[in-house]
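The values are calculated or read from the model by the stated rules, or taken from the named source; none is laboratory data. Just so you know, these numbers come straight off a predicted model, no measurement behind them. Here the Cβ is made from the backbone with ideal geometry for all residues, glycine too, and neighbour counts use every protein chain on show. Side chains are part of the model used for accessible areas, which takes the heavy atoms of the whole protein and leaves out ligands, DNA and RNA. Shrake-Rupley method; radii C 1.70, N 1.55, O 1.52, S 1.80 Å.
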Amino acid sequence: MAEMLKSLVLGIVQGITEWLPISSTGHLLLLDEVLHLRLGENAKELFMVIIQLASILAVVVLYFSTLNPFSAKKSKQERSATYLLWVKVLIATIPAGIAGVLLDDFMDEHLYRWPVIAIALFSYGVLYLFLEKSSIGRAQKRVKNLSSLTHKDALFLGLFQMLALVPGTSRSGSTILGGIIIGLERQVAAQFSFFMAIPIMAGASLLKLLKLGFSYTREEYILLIIGFVSSFLVSLVCIKALIAYVRKHDFSVFGLYRIVLAVVVSVYFLTIGA
């Protein structure tokens with residue numbers, strides 16, 4: 001029962017932190033150190049992959065109508081616009097996709113360490129605060145909806161997404177920050193960030209699944225299912241909440257939160273976790 005509760009908590013935290021610009025990696029690293037979910041090494045790695053896939057599924061479910069180019073309810077022009085949206089998403093996926101394949105083993109071996117995560121959390125927190133108080137954050141945005149997003153914008157967002165390969169930066173944080181810098185309204189940057197996550201995270205997760213295999217115990221599968229379902233349901237709520245939030249608020253609160261979390265992670269690993 002205790003392990004089921006741990007799995008539930010980790011799934012909930014994944015569902016919240018994957019979409020908010022506060023780094024799911026930083027939270028899960030700290031939380032796993034406290035909870036110590038009892039899974040075999042491969043099973044634990046698979047658990048982290050599975051709860052990420054659940055978050056992606058939530059995006060597909062919420063935005064199925066927007067992303068589905070085959071809908072009979074759409075006009076020919078609307079279907080063409082949907083195909084064009086997918087082209088932009090794929091363009092945005094290319095930089096991080098290539099870098100992720102080439103650097104996957106290096107990142108696992110060298111970057112998934114608490115000092116890297118703490119520095120990334122702190123640095124991005126400061127950057128959020130700076131941008132929101134600067135003329136860049138307050139400037140009138142030229143891209144007010146997804147249809148106004150250009151192929152060049154998509155490529156730039158893809159380059160910003162590459163920064164998220166460093167754990168602790170936050171994939172959504174990197175792309176939303178990039179969107180603000182190049183002139184996207186916050187809600188447009190957030191939505192496109194969700195769509196960009198589908199191919200890049202689904203592809204990375206599938207590669208991990210193939211590498212890890214599916215030979216696990218009944219108890220391990222139960223924990224995987226609990227984590228998956230909780231991450232999916234919480235992601236549904238969190239995605240809607242973030243879009244509603246960014247229509248009226250900036251990201252300063254997330255900047256402050258990241259700085260506080262960086263301090264907490266550092267203090268924990270320098271004292272208790274040392």
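Tabulated data for the structure shown
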{"quantity": "³J(HN,Hα), Karplus 6.51/-1.76/1.60, whole Hz, each residue of the range 173-185, x for Gly, Pro", "calculated": "x, 5, 6, 5, 4, x, x, 4, 5, 8, x, 8, 4"}
{"quantity": "Point-charge dipole on Cβ atoms (K/R +1, D/E -1) for the chain, about Cα centre, debye to 20", "calculated": "1280"}
{"quantity": "Accessible area per residue, Å², the range 13-127 with all protein chains present, probe 1.4 Å", "calculated": "50"}
{"quantity": "Bins of 5 Å from zero: percent of alpha-carbon pairs in the range 1-144", "calculated": "2, 7, 11, 14, 17, 16, 14, 10, 6, 3, 0"}
{"quantity": "Mean Cβ neighbour count within 10 Å, used as a protection proxy, ranking 35-41, 122-128, 259-265 highest first", "calculated": "122-128, 259-265, 35-41"}
{"quantity": "Zero-based 5 Å bins, Cα pair distances in the chain, whole percents", "calculated": "1, 6, 12, 16, 19, 18, 13, 8, 4, 2, 0, 0, 0"}
{"quantity": "Mean Cβ count within 10 Å, highest first, over the residues of peptides 130-140, 222-232", "calculated": "222-232, 130-140"}
{"quantity": "Surface accessible to a 1.4 Å probe, per residue, for the residues of the range 160-257, Å²", "calculated": "41"}
{"quantity": "Most mobile of Thr66, Thr25, Thr217 in a GNM of the chain (Cα contacts under 10 Å)", "calculated": "Thr217"}
{"quantity": "Accessible carbon and sulfur surface of the range 1-272 relative to its total accessible area, %, 1.4 Å", "calculated": "70"}
{"quantity": "Sequence ranges 166-172, 50-56, ranked by mean other-Cβ count within 10 angstrom, highest first", "calculated": "166-172, 50-56"}
{"quantity": "Cα centroid of the range 39-65 to Cα centroid of the range 204-220, whole Å", "calculated": "12"}
